[in-house]
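Novice: To start, I am sharing the structure in question, which I have written as structure tokens.
The values are calculated or read from the model by the stated rules, or taken from the named source; none is laboratory data. Since this is a predicted model, take the numbers as computed values, not measurements. Note that we place each Cβ from the backbone using ideal geometry, even for glycine, and neighbour counts take in every protein chain shown. Calculation scope for accessible area: heavy atoms of the full protein, side chains included, ligands and nucleic acids excluded. Shrake-Rupley method; radii C 1.70, N 1.55, O 1.52, S 1.80 Å.
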Amino acid sequence: MGFIELLQSVIPPALFFSAPLIFTALGGVFSERSGVVNIGLEGLMVMGAFVGIVFNLTFADVLGAWTPWVSILVAMVVSAIFSIIHAVASVSFRADQVVSGVAINFLALGLGIFLTKQFYGKGQTDMVTQPFYTTDIWLLSDIPVLGPIFFEGIYVISYISIILALVCWYIMYKTPFGLRLRAVGEHPMAADTNGISVTKMRYVAVIISGAFGGLGGSVFALTIALNFSHATIVGQGFMALAAVIFGKWHPLGAMGAALFFGFAQSLSVIGAGIPLLADVPQVFLLIAPYVLTILALAGFIGRSEAPRANGEPYIKGSR
Amino acid sequence: MTSNKLFNILVPVISVFIGLISGAIIMLAFGYNPIEGYAALWEGAFGDMYFVGETIRQVTPYILTGLAVAFAFRTGLFNIGAEGQVIVGWLAAIWVGITFDLPMYLHLPFAVVIAALAGAVWGFIPGLLKARLGVHEVIVTIMLNYVALYSSNALIRSVLSDNQDKTEKISSSASLASEWLQNLTFFSRMHYGILIALFAAVLMWFIIERTSIGYELKSVGYNKHASKYAGMNVSRNIVLAMVISGAFAGLAGSMEGLGTYGNMSVSSGFTNLGFDGIAVALLGANTAIGVILAAFLFGALKVGALNMPTEAGVPNELVDIIIALIIFFVASSYIIRWVLLRFKKGEK
């Protein structure tokens, strides 16, 4: 197997595994940059996956090929609404944000399975008939060498996730909104005295994280899982959270970390077909992404400094 | 002024109450009879001796994982990795149970201690990384959960069995199961582990409230910088807290291995004991006695829920929703306090 073929077999799955993580991690970046810890990303993904699958199953006949695209939009909206619970608890009710996030995780899974049993009379849904399919991207796939590696047999949604990361970076670092968002997360009192509504900014940030989490969950469900059960989202949200911290709360950093996780996961899936890795027991490939993350955090990344006010409810007038 | 202590008791009680009411409303909304639903739940948790035995069996690991999470919380650490520590503890207990051939008074304690040690080692890693390099313990423990899951699966296949999906049963000299208890409870899987769990709770209370080690741990949890200024070794306390926390979770694993199942199977997902332990610790306000009470509540809810689909037609996931809501209300204690104070003012 030549080097080019090797890349060709590694990169598309890497992109395809990382897309849901990128979306969700971007959501996490928004929320945590505004000062709200969001350990509920897992639950938001569960909600997204559930809504995405149910909508897809229900409207596949009506919407045809557009079904998956509409499904992820609906999942985004529903998860955004769902995330308001977390916003109310952690911003208005001054709840411990970690605890509220844990509650979101339990609630999403409980609700998802409960409603699945209500709608379908069993613990898991049927397979969707209109998932996302891989395509060759027009024109770009004709580029010699690079075309087959990056643009053949790929999910368009993977590239959307990368573009979205760039957009998020722009919003966060080049717009007044982004500046306010970061200010609220670093020093809410200073932001408040400058006339920025801490409460409003944090609500917006958590709702954005809900939308992106729902997007990530539904994309995962419609590209990888293809149905919904208690085992659809198992820890991807936590991986996304890890990507947020690994990426130092920066949209592009989070994207990089998510791409790395996707790459490592794809290795464990296709490792058997790669000469160098074929003899390695599969367990080492399975645990590689997690061990590498720990090593990377311990070795190269160093102290990860969270936004200063992350996790602290803002109480007007208190010092 | 109503005292803080009263609030600390009132908040969880009110949360549980609102949680159960919300559950009833959900049942009504979906056309079930909430009275039937809760009756089935009660029946399934305490209806006869068998169900009581099963409830206690479920409560046993919950107490221990709850203690594990609570202990770390006290030092300001979030041990989301109780899950992984449970898995390595379970695996270690099974390994000792299968491999060694000792009289019971040596074999059983040996297996339990090794399980606690395995969990402690699994807690030591994030503790050390946090203390020495400032790596966030949440992310390391999440990663270690997966490492524990996949490696234990591989070890079950390659070392503890001959390419099977589960290990053989442990020898009876390492088992916590007792015929006497099983006969008493119509052959439930209840075992002697509950005594170990209760003892562990007493131990946690003693360490936290009655020793200088516990004082230092709490102090580091309240204010790292002040503790350092007062001459405490913050790094050492962080590591110690994670080690003890991991040991509790490892014990929970041994309860499953030596008591409930007697073996270990390859698993594609987590046991959820560690994650449920977070809920238990939160409701129990991170105190030993609170953890015991919360573990009993959640254990009874979880076991009782299994009776709901057959008796009342309600999906048992309703209980997960109720648990989530209870945690949510505990977290939002500020608003409960606020409402209570309003009522107090209204009376005057």
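Novice: GNM on chain A, C-alpha springs below 10 Å: top fluctuator among A:Gln236, A:Gln124, A:Gln265?
Specialist: Result for chain A, Cα springs under 10 Å: A:Gln124 fluctuates most.
Novice: Between A:Arg202, A:Arg308, A:Arg33, find the one with the highest GNM mean-square fluctuation for chain A; connect C-alpha pairs within less than 10 Å.
Specialist: Highest fluctuation among the options: A:Arg308.
Novice: Another question about this same structure. Ranking request for peptides B:100-112, B:184-196: highest mean number of other beta-carbon atoms within 10 Å first, then the rest in descending order.
Specialist: Going from most to least packed, we get B:184-196, B:100-112.
Novice: Once the whole set of protein chains is in place, how much accessible area is left on B:Trp205, using a 1.4 Å probe, in Å² to the nearest 10?
Specialist: Approximately 120 Å² of B:Trp205 is accessible to the 1.4 Å probe.
Novice: Provide a whole-number value for the mean count of partner chain Cβ atoms within 10 Å of the Cβ atoms in peptide B:204-212.
Specialist: Partner-chain Cβ atoms within 10 Å, mean over residues of B:204-212: 0.
Novice: Hey, can you grab everything whose amide H is under 5 Å from the amide H of B:Lys166? Only 5+ residues off in sequence or another chain; H modelled, so Pro and N-termini drop out.
Specialist: Here B:Val266 satisfy the definition.
Novice: Taking the Cα atoms only, what angle lies between the long axis of helix A:282-296 and the longest principal axis of chain A, rounded to 10 degrees?
Specialist: That helix lies at roughly 40 degrees to the long axis.
Novice: Scattering from the C-alpha atoms of the protein assembly as shown alone, worked out with Debye: what is log10 I(q)/I(0) at q = 0.07 1/Å?
Specialist: -0.46
Novice: Accessible area of B:Ile207, 1.4 Å probe, to the nearest 10 Å²?
Specialist: Spelled out: B:Ile207, probe radius 1.4 Å, area about 30 Å².
Novice: Right, next: For the range B:23-175, what % of the accessible area comes from carbon and sulfur atoms, probe 1.4 Å?
Specialist: Looking at the range B:23-175 in its full context, I get 66 percent from C and S.
Novice: Could you order A:Met76, B:Met255 so the one with the most accessible surface comes first? Probe is 1.4 Å.
Specialist: Values: A:Met76 45, B:Met255 0 Å².
Result of the area sort, largest leading: A:Met76, B:Met255.
Novice: Where in the range B:161-188 does the label zone of B:Asp48 land, with the point 7 angstrom along Cα→C-beta and an amide N cut-off under 14 Å?
Specialist: B:183-188
Novice: May I ask you to rank B:Val147, A:Val78 by accessible area, largest first, using a 1.4 Å probe over the protein chains only?
Specialist: So, going from the largest accessible area down, we get A:Val78, B:Val147.
Novice: Now a separate question. Taking each residue of A:109-116 in turn, how many C-beta atoms of other protein chains fall within 10 Å of its C-beta, and what is the average?
Specialist: Mean inter-chain Cβ contacts per residue within 10 Å come to 6.
Novice: May I pose another question? For the range B:239-280, list residues with backbone N below 15 Å from a point placed 7 Å from the Cα of B:Phe100 toward its Cβ?
Specialist: The answer is B:254, B:258.
Novice: If I model a spin label at B:Ser265 and A:Asp142 as a point 7 Å from the Cα along the Cα→Cβ vector, what separation in nanometres do I get?
Specialist: Modelled inter-label distance: 5.5 nm.
Novice: So what's the angle, to the nearest 10 degrees on a 0 to 90 scale, between helix A:3-33 and the longest Cα principal axis of chain A?
Specialist: 10 degrees
Novice: Quote the total accessible area buried by chains B and A together, excluding ligands, DNA and RNA, probe 1.4 Å, nearest 100 Å².
Specialist: Chains B and A together bury approximately 3700 Å².
Novice: Measuring from centroid to centroid over Cα atoms, what is the spacing of the range B:260-314 and the range B:201-255 in Å?
Specialist: Between the Cα centre of the range B:260-314 and that of the range B:201-255, the gap is 25 Å.
Novice: Measure out, as a whole number of angstrom, how far apart the alpha-carbon centroids of the range B:130-188 and the range A:171-190 sit.
Specialist: 46 Å
Novice: Please average, across the residues of B:262-272, the number of beta carbons from any other chain that are within 10 Å of each residue's own beta carbon, and give a whole number.
Specialist: Values: counts 0, 0, 0, 0, 0, 0, 2, 4, 2, 0, 2.
Mean partner-chain Cβ count within 10 Å for B:262-272: 1.
Novice: A further question on this structure: Of the listed pairs A:Lys117/B:Lys302; B:Lys5/B:Lys130; A:Lys122/B:Lys169; A:Lys200/B:Lys5, which have alpha-carbon separations greater than 22 Å here?
Specialist: Beyond 22 Å: B:Lys5/B:Lys130; A:Lys122/B:Lys169; A:Lys200/B:Lys5.
Novice: Give the angle, between 0 and 90 degrees and rounded to the nearest 10, that separates the Cα long axis of helix A:97-120 from the longest principal axis of the Cα atoms of chain A.
Specialist: Tilt of helix A:97-120: around 50 degrees.
Novice: Simple spin-label model, 7 Å along Cα-to-Cβ: B:Lys228 to B:Trp338 in nm?
Specialist: Here the modelled spin labels are 3.5 nm apart.
Novice: So, one more: What ranking do B:211-222, A:49-60 get when scored by the average of other Cβ atoms within 10 Å per residue, highest first?
Specialist: Top to bottom by mean Cβ count within 10 Å: A:49-60, B:211-222.
Novice: Another question, then. Between the alpha-carbon centers of the range A:1-46 and the range A:74-103, tell me the distance in whole angstrom.
Specialist: Each part reduced to its Cα centre gives a spacing of 21 Å.
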